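So the structure is just underneath, and the comments pick up after that.
The values are calculated or read from the model by the stated rules, or taken from the named source; none is laboratory data. Everything numeric in this text was worked out from a predicted model, so none of it was measured. Note that we place each Cβ from the backbone using ideal geometry, even for glycine, and neighbour counts take in every protein chain shown.
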Amino acid sequence: MASMEFTEWIRGRTDAQLRALVSARPELITPVPAHLEGLAGRAASPSAVARALDRLDRFTLAVVETLAVRETPASKEELRALVGAALAEGGPEPALSSALDRLRDLALVYGPDDALDLGPGVRKVLDDPAGLGPRAVEAFRHHPPEQLDEMADDVAPGTEGPGKERLAAALSEPGPLVAEVSAEARGALDQLAWGPPTGRVPNARREVRVASARSPIEELLARGLLAATGEESVTLPREVGLYLRGGRVHRDLRATPPPLEGAGRDRALAGRTAAGQAFTFVRAVEELCERWSVDPPGVLRTGGLGVRDLKRAAGELDVPEWVAALVIEVAHAAGLVAAGGGVDGEWLPTQGYDLWRVRSTAERWVALAAAWLHTDRVPGLVGERDDRDRPLNALHADLRRASAPGVRTATLGVLAAAPGLAPSRESVLARLEWEQPRRRGPLREQLTEFALREAEQLGVTGLGAMSAHGRALLEGGDAAAALAPLLPEPVDHVLLQADLTAVAPGPLTSELNRWMALSADVESKGGATVYRFSETSVRRALDAGHGAEELLGVLARHSATPVPQTLSYLVTDVARRHGRIRVGTASAYVRCDDPALLDQITADRRAATLRLRRLAPTVLASRSSRAALVDSLRAMGYAPVAESLDGDVLISQLDSRRTEGAAPVRGTSTANGLDPEVAAAAVRALRAGDAAHLARREPVDAPDGRLPRGPATATISALQDAIRQGVRVWIGYLDSQGNATSRILEPARMEGGYLTAYDETRAAVHRFALHRITGVAGL
Amino acid sequence: MSVNDGPLIVQSDKTLLLEVDHEKAGECRKAIAPFAELERAPEHVHTYRVTPLALWNARAAGHDAEQVVDALISFSRYPVPHALLVDVAETMARYGRLRLEKDPVHGLVLTSTDRAVLEEVLRSRKIQPMLGERLGPDSVIVHPSDRGNVKQALLKLGWPAEDLAGYVDGERHPIDLLQDGWALRPYQQEAADAFWNGGSGVVVLPCGAGKTIVGAAAMAHARATTLILVTNTVSAHQWKTELIKRTSLTEDEIGEYSGSKKEIRPVTIATYQVMTTRRKGVYSHLELFDARDWGLIVYDEVHLLPAPIFRMTADLQARRRIGLTATLVREDGREGDVFSLIGPKRYDAPWKEMENQGWIAPADCVEVRVTLTDEERLAYAMAESEERYRFCATTPSKTYVTEALVRRHLGEQVLVIGQYIDQLDELGEHLNAPVIKGDTRIKERERLFQAFRDKELQVLVVSKVANFSIDLPEASVAIQVSGTFGSRQEEAQRLGRVLRPKSDGGGARFYTIVSRDTVDQEFAAHRQRFLAEQGYAYQIVDADDVLGGV
C-alpha cells in the first residue's frame, strides 16, 4: 500500500519526470491507471517493485540495499559515508548522485536529500538485503517468550522487561557478546558474515543456556548470535551481521562496471567477417526452406522436429547440429517455416518465405537477425534434456524461456559498448553480473553463452567483436544499409571451364541464377557457387522447354570467356538424343493393316468425339476406353474386334463391364460450388475492402451508435436491394453466443433463411442466419 | 570499406577457388599451397581444398593456424566464413598434441602435451595393444615395431602424431649426382630438398617431369644404401639405366630383385610384384627389407602401392621414405595411409604450370566418338552387363578410326594403347605394327622399345603393361582405344607417355576413341575428369570428321 507521503511525492513530480517514470517502468501503465494514486499504488506492488529492481546495476542496487538496511530515512551525507566505506576503490561520487537520480526517476527512492527513503514495498521485496539477515526482533519473533526470557537473562543479566526487548537491546550492540565466544564459534560467525546469512544445523530449536553450551553452535544459539528459523536452519541477525562487517553494508563494491577483457580486433575486419557469416546464414536459411519445400519433415506428435530430421538438415547444410537447430529456429521465428499440410502435419515454408526470398540479402538478414534477437525461444537448448529427461526437440514448445530476449539484448549491449574488442566469455558474464545482479543464475549464464555463439553464427558479431550492422540492429538503426556494402554484389557472369564446371564468382543476378539452377548442378556454395554440367542437368533444362541453341546462347552471353568446346558438345549431344523416344497416355488404340481404312476413320466426322490420333500409318490412339471405342466404331458401321493386352482377339461378353480408365478426379471448383455471384461479390469486396483497410481497421460502430433494429420484412427487402445493386451494407448481427456484433457485408444471395455475403470485417465469405440479423443500414 | 579485390573465394565447404588470371594469383597460390590441396586446375578457376590432412601437412612443415587464417583473410575476395576459420584453428591444434619420441631409456615413447587427449587415445581399443607400459601421466611406451601402425591408428582417431623419433642413418654408401651435360631442374632440386628437410614424404610431379631424377637426387642427399620399389621389371631396368647415367653409381653397385634375378647390392631395385608374392600364404621375400641396413626407401608410383606393401611399410618407420607419383588419387581411397605411412606430401606442382615452363610437352587431348552400327547397337543392347564394356570398347569402327589417325600422323612416333589383347592383335595386323603385351618377353620388349626410340619403328601397339614407367621419349601421339573401365590414374599415366619434352619442342596429341551412347562413353568421361581438372581440355570430335580427313 502506497503511503500518502509517497503518493504526494509522485503527485509533485513534473510531467517530464512522470514520463521518465512510466517509460522506464512501462508495466505501470498497462493498462493505464485512472489516477496518480493508482499509479503510486501500482508502483508499490511487489511484482512491479521486483521488476524495477531487476533492472538496477550492482552499484545502484547497493544504494537501495544500504537504505533498506537502515530501516529509517537517511540523509545523503549518511548514505555517502556508508556507500563510501563499502567501495573497494575511489569515492562514492559522482556515482552516488546519479544513482539517486535514477532511483528517484524509477520512484524506488523518494524524498529530499536530507531524508531519503525507499519507496513503499521496496523493503518487503528485498529479503536479505546485501546478504544480511532479519533484524533481531524479526528473527526471534517465533521463539517462545520463556526461552527469550532465559536468553535475555544470560546475555543481559540484571535488566528488566520482556525478554524479547532485552535481547534485542543487547544484540543492537553485539560487540561484548561476540568477544565472549570461542574461536570456533567466531569462525562460524565469520562464515555467515558476508552472506548468505543462513546456515543449516541439526536440531536448531534446541534450548541451550550460556552455561551449558557445549558446541560452538550452542554458544552462538545461547547468546542469540544465531537465531533458529526452522528445525534445521539458523540465521544471523542483522545487527550481528553489520557488527561483523564493521558497519559496512557491502564489501568490494565497485562504482563503475568491471572493464571488459579480451582480444582486440580490427573493426573493419570484424565487420567483414560478420558480413560474410551473415551472408552464409541467409543462404543456409534459404537452402533449408528450399529443401523443406520439396521434402518437408513431419511434425512430431508432441510438436517439434524429430531428431533424425534435425540430423538430416545438419548434414544437408553441412553444419553442426546446434547450428542447424539455430537455422531452423530462426527461420521459424521469422515466420518462414510453420507447421501445416499433410494429415499429421509437416514443417513447410510459409507464404512469408516467398516474400522474404525476393528481398535483398541485407534486408533478409535483418528480418532473420531481428527475429532471433526478439524470440523467447532458445535454440541452444535443442538436444538437451528437460526436467523429465526427455530430449528437447527443435521447434518444440518447451524451448521458450521468457528471459531469453532480455539476456540476448543485454549481452549484445555489452559487446556493442566495446567496439573492436572480442571480450572473453568470463568478462561478459562478469559485466552482466554487475549490470543486472538480480537476474543472475545458471540460466542466465547459459543463455549468455548461447547468445554469444549464436550472434557469431548469425553474423551479428565477427571474430567475437560487434559489427556495425549488429550495432544498428540492436540500437534500432538501419542495419540493412550498414550491411549491404559489405555483402558481395550480384554478378551477371559465370566462368565456364572445360571440365564442365562453371564458377559464379559471387551471387548471381536472378535471371542467370534461374538458368544456372536449371541447367547445372551445384557442387559447392559460399561466396561463389560452383556448378557442374552433366547430361542429367542439361536434360533438365531441355525438359523445361528450352532448346540447345537457347541454352548455349544464354551461356555464351553470360560467360566471361568463350564456351568450351566440351560444353557445347555436351549440350548438342544431349539435345540430339533428347525427345527421340516419346511417351504419352492413351486408353485404347485402333490398329489396322490397311492405312486407307484408318484414313477413312479419321476423316469420319462422327469419330471426332473419340479423339483419335494417328501415331503411325497403321495405328490410331484414342482417349476413349476400349469398350466405348468398339461400340462407337460399330455404330459407325465398321466391324472392329477387341484385343487383349497380349494382342489376342477378345470374345465380346454381354454381361458386366468395368471402366478401364482411372476414375476421374472430381474437379475442385465445381465440387465446392463456388457461386458466380459470390465470386463476383468477393472480387468487388476485395477492391472495396482494400480501400477500407487503408482507411480504418477498428470494428465499425453503428451509424447512430446503436444497433439498428427494423421489422424483419424491411431487413429482407433492404438486403434484396443491396444484392440487386451490388452495394455494401452495414448489419447488426447476433453471433452464435448471442453477442451483438456489427459487420460490413457485400450481400451475394439470399435463400433458405440464410444470407450469403462477403464479410468485409472478416475478409471472408460467410452465411448469416436471417433471423439473427438485427438490422440493416446502407453505407 | 567494401569487399576486397582478392583472387581467392573461400567456400563454406572448405574449398578455395583461385582465379588464375588475377594479378595476385601467383602470390596467393604460394600462400595457400602449404595448407590446401590442389583439387582441380582447369583453365580459369583452380580449386583447392582445405582438408585435415593438408592442414596437418602444413603444421608438419612449420606453419601455424595464424598464418593460414591470415592467408585466407588477406587474399579472400569475400569475408571468410567464421566457422571455417575456427575449424582451421581447431584442426591444426590437433596435430602435435601427441608426439612419438625417442627416449634414451625406454626407446620409442608416445608423449602428450594434453593429458585428456592421451587418455582418450589410450581408451581406444585399436591402439591399446600397440602400447606398452605407462611411464607417467603424459607418456607411454610404444612397441617400436608398431610405430607405423600407431601413426595410422592415431590419424584415424583424428589426433595425428608428430613423429620426432628420427631415422636410422643406414649403411653409408657414397652416391653423387653427375651433372655432366645436364642439370637438375629447379623444381627437381626443390622437390628433393623439401623431401630431405621433411624427413619422409611424397613428391607429386607430372609424368615426364623427371621423377626418377628426383629419386636420384634424394639418394644423393641420403648417401646411403637404398631400396627402390618399382611397379615392374621394365621400369626396374629403366631406373637402373637412369641411375648409372645420372649418378656416380656403377652397374655393379645396383642390384635387381625381381622374378628372374635376386641380387642384393648397395642400391637394390625390387618390383612390387616380387615383394607381394606369397608362398604357402607367407610373403617369401620380406627378408629383403632386412637384408641390408637401408638408409632410404624409394617408392615409385606411390598411388599404385599395393596393400601388402603398406603393411610392410608400417614396419619401416625408422627408415627414410620417399614416394614418387604423378597423382595422389588412389582408386581405393587410401590417401590417408600414404600420409601416415610414407609421409606427408612434400612437393607438388600443377601440370599446366610445368607445361608453361616448358618442362613437359604441351598436349592436345582429343576424344573421338565413333557411332556403333545399327547391328552393333542391337548386339550391345542384348549383351550381358559384364560383357558390355568389352563389346563397345572393341568395336571394329575403332580400328578404322585408329588407322585414319595413324595415317594422319604419318612420320610421327605413335603409340596405340588398349586393354583387350584381341583388339590389339587386330590393330597390329591392320597397322602392320608390332604388339607388346603381357606375354611378350622382356628382351623382345626392350628391343622393340629401343627400335621405337631410334625411330626405326614408328607405330607401336601396347597393352596396359606399358602403362607405367616406360621411357619412350619421342612418342608424340598416343591413341587409346580401350582402358581399364573408369580408372582416372590410368588415363593420367597414359597421357604421361607423350608428355616428355620433345627434341623439336613440339606438342603432343592424345586421342581417346570412344563409342558413342555406351558405357564406354561414361567410363571415358570419368577417366577424363582427372586430366580435365589438371587443365587438359578435351576436344570432342566425331569419327566421321576423322575418317573424312578434315
Number of positions in the stretch A:460-504 that are within 9 Å of another protein chain (Cβ to nearest Cβ), of a type in the set (Asp, Glu) and in contact with a strand residue (DSSP E or B) (Cβ under 8 Å, 6 or more places away or on another chain):
1
Any chance you could count how many residues in the stretch B:526-542 are surrounded by fewer than 21 Cβ atoms within 10 Å (Cβ to Cβ), more than 9 Å from chain A (Cβ to nearest Cβ) and assigned to a helix (DSSP H, G or I)?
1
Report the residue count in the stretch B:394-417 for those that are of a type in the set (Gly, Ala, Ser) and in contact with a Gly (Cβ under 8 Å, 6 or more places away or on another chain).
1
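Quick check, is A:Ala263 within 14 Å of another protein chain (Cβ to nearest Cβ), closer than 23 Å to A:Ala468 by Cα and assigned to a strand (DSSP E or B)?
Details: within 14 Å of another protein chain (Cβ to nearest Cβ): yes; closer than 23 Å to A:Ala468 by Cα: yes; assigned to a strand (DSSP E or B): yes.
Answer is yes for this residue.
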Out of the stretch B:77-96, which residues are at negative phi, touching a Pro at 6+ places or on another chain (Cβ under 9 Å) and not in a helix (DSSP H, G or I)?
B:Arg77, B:Tyr78, B:Pro79, B:Tyr95
Conditions (1) touching a strand residue (DSSP E or B) at 6+ places or on another chain (Cβ under 8 Å); (2) among the β-branched types (Val, Ile, Thr); (3) more than 9 Å from chain A (Cβ to nearest Cβ); number of the one not met by B:Val45:
(3)
Index of the failed condition, B:Glu119 passing every other in (1) surrounded by 13 or more Cβ atoms within 10 Å (Cβ to Cβ); (2) part of a helix (DSSP H, G or I):
(1)
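Could you say which residue among B:Thr225, B:Thr250 is in the same structural domain as B:Thr271 (by TED's automatic domain parsing), over 24 Å from B:Glu335 (Cα atoms) and without any contact (Cβ under 8 Å) to a residue 12 or more places away in the chain? Please lay out each step first, then the result.
On the way: B:Thr225 fails: without any contact (Cβ under 8 Å) to a residue 12 or more places away in the chain.
Among B:Thr225, B:Thr250, only B:Thr250 is in the same structural domain as B:Thr271 (by TED's automatic domain parsing), over 24 Å from B:Glu335 (Cα atoms) and without any contact (Cβ under 8 Å) to a residue 12 or more places away in the chain.
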For the stretch B:298-395, which fully contained strands (runs of 3 or more DSSP E) count at least 3 residues that are within 28 Å of B:Lys30 (Cα to Cα)?
B:320-325, B:345-348
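Going by what's in this entry, would B:Asp5 be described as more than 7 Å from every other protein chain (Cβ to nearest Cβ), of a type in the set (Asp, Glu) and within 27 Å of A:Gln457 (Cβ to Cβ)?
Working: more than 7 Å from every other protein chain (Cβ to nearest Cβ): yes; of a type in the set (Asp, Glu): yes; within 27 Å of A:Gln457 (Cβ to Cβ): no.
The answer is no for B:Asp5.
For the stretch A:546-561, enumerate the residues that are within 12 Å of chain B (Cβ to nearest Cβ) and either within 46 Å of the chain's Cα centre (by Cα) or free of Cβ contacts under 8 Å to residues at least 24 places away in the same chain (or both).
Just the residues of the stretch A:546-561 that are within 12 Å of chain B (Cβ to nearest Cβ), to begin with: A:559-561.
Across the stretch A:546-561, the qualifying residues are A:Ser559, A:Ala560.
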Out of all the residues in the stretch B:399-456, which are assigned to a helix (DSSP H, G or I), small (Gly, Ala, Ser) and either outside the structural domain of B:Arg388 (by TED's automatic domain parsing) or under 15 Å from B:Val477 (Cα atoms) (or both)?
B:Ala404
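Name the single residue, out of those in the stretch B:469-525 being part of a helix (DSSP H, G or I) and modelled with pLDDT of 80 or more, that is surrounded by the most Cβ atoms within 10 Å (Cβ to Cβ). Outline the logic, then answer.
First pass over the stretch B:469-525, keeping only residues part of a helix (DSSP H, G or I): B:488-496, B:519-525.
Checking the rest, the ones that are also modelled with pLDDT of 80 or more come to B:519-525.
On the way: B:Val519: 17, B:Asp520: 29, B:Gln521: 17, B:Glu522: 15, B:Phe523: 21, B:Ala524: 25, B:Ala525: 19.
So the residue we want is B:Asp520.
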Restricting attention to the stretch A:572-579, does a residue exist that is in contact with a helix residue (DSSP H, G or I) (Cβ under 6 Å, 6 or more places away or on another chain), closer than 23 Å to B:Arg529 by Cβ and of a type outside the set (S, T, N, Q)?
yes
Of the residues in the stretch A:615-635, how many are at pLDDT below 85 and over 14 Å from A:Tyr589 (Cα atoms)?
0
Determine if the stretch B:240-255 includes at least one residue that is closer than 24 Å to B:Trp351 by Cα and within 19 Å of the chain's Cα centre (by Cα).
no
Only one residue in A:Ala222, A:Ala270, A:Ala313 is outside the structural domain of A:Leu79 (by TED's automatic domain parsing), under 30 Å from B:Ala71 (Cβ atoms) and either of a type in the set (D, E, K, R) or in a helix (DSSP H, G or I) (or both), so which one is that?
A:Ala270
In the stretch A:505-529, the residues that are more than 7 Å from chain B (Cβ to nearest Cβ) and in a strand (DSSP E or B):
A:Leu508, A:Asp521, A:Val522, A:Glu523, A:Thr529
In the stretch B:271-320, the residues that are touching a residue at least 24 places away in the same chain (Cβ under 8 Å) and among the acidic types (Asp, Glu):
B:Asp293, B:Asp300, B:Glu301, B:Asp315
Among the residues in the stretch A:398-417, are any more than 19 Å from the chain's Cα centre (by Cα), assigned by TED's automatic domain parsing to the domain that holds A:Val330 and either in a loop (DSSP other than H, G, I, E, B) or not hydrophobic (A, V, I, L, M, F, W, C) (or both)?
yes
Residue pairs meeting the criteria (Cβ under 6 Å; at least 6 apart or on separate chains; first within 14 Å of chain A (Cβ to nearest Cβ), in the stretch B:57-77; second hydrophobic (A, V, I, L, M, F, W, C) and outside any helix (DSSP H, G or I))
B:Leu72/B:Val10; B:Leu72/B:Val80; B:Ile73/B:Val80; B:Phe75/B:Leu8; B:Ser76/B:Leu8; B:Ser76/B:Val10; B:Arg77/B:Ile9
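Filter the stretch A:328-362 down to the residues that are away from every other protein chain (no Cβ under 14 Å) and hydroxyl-bearing (Ser, Thr, Tyr), then identify the one that is farthest from A:Thr375 (Cα to Cα).
Step one: list which residues in the stretch A:328-362 are away from every other protein chain (no Cβ under 14 Å), which gives A:328-360.
Now restrict to residues that are hydroxyl-bearing (Ser, Thr, Tyr): A:350, A:353, A:360.
On the way: A:Thr350: 18, A:Tyr353: 18, A:Ser360: 23 Å.
Per the stated criteria, the residue is A:Ser360.
Could you identify the single residue in A:Ala325, A:Ala278 that is within 14 Å of another protein chain (Cβ to nearest Cβ), in contact (Cβ under 8 Å) with a residue 60 or more places away in the chain, crowded, with 20+ Cβ neighbours inside 10 Å and part of a helix (DSSP H, G or I)? Break it down stepwise before answering.
Working: A:Ala325 fails: within 14 Å of another protein chain (Cβ to nearest Cβ).
The match here is A:Ala278.
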Give A:Ser182, A:Ser212 a once-over and let me know the one that is over 14 Å from A:Pro237 (Cβ atoms), surrounded by fewer than 13 Cβ atoms within 10 Å (Cβ to Cβ) and hydroxyl-bearing (Ser, Thr, Tyr).
A:Ser212
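Residues checked against (1) under 28 Å from A:Ala484 (Cα atoms); (2) of a type in the set (A, V, I, L, M, F, W, C); (3) touching a residue at least 12 places away in the same chain (Cβ under 8 Å):
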site	(1), (2), (3)
B:Lys14	yes, no, yes
B:Ala31	no, yes, yes
B:Thr91	no, no, yes
B:Leu108	no, yes, yes
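Confirm whether B:Glu19 is buried (at least 20 other Cβ atoms within 10 Å of the Cβ) and within 13 Å of chain A (Cβ to nearest Cβ).
On the way: buried (at least 20 other Cβ atoms within 10 Å of the Cβ): yes; within 13 Å of chain A (Cβ to nearest Cβ): yes.
Yes, satisfied.
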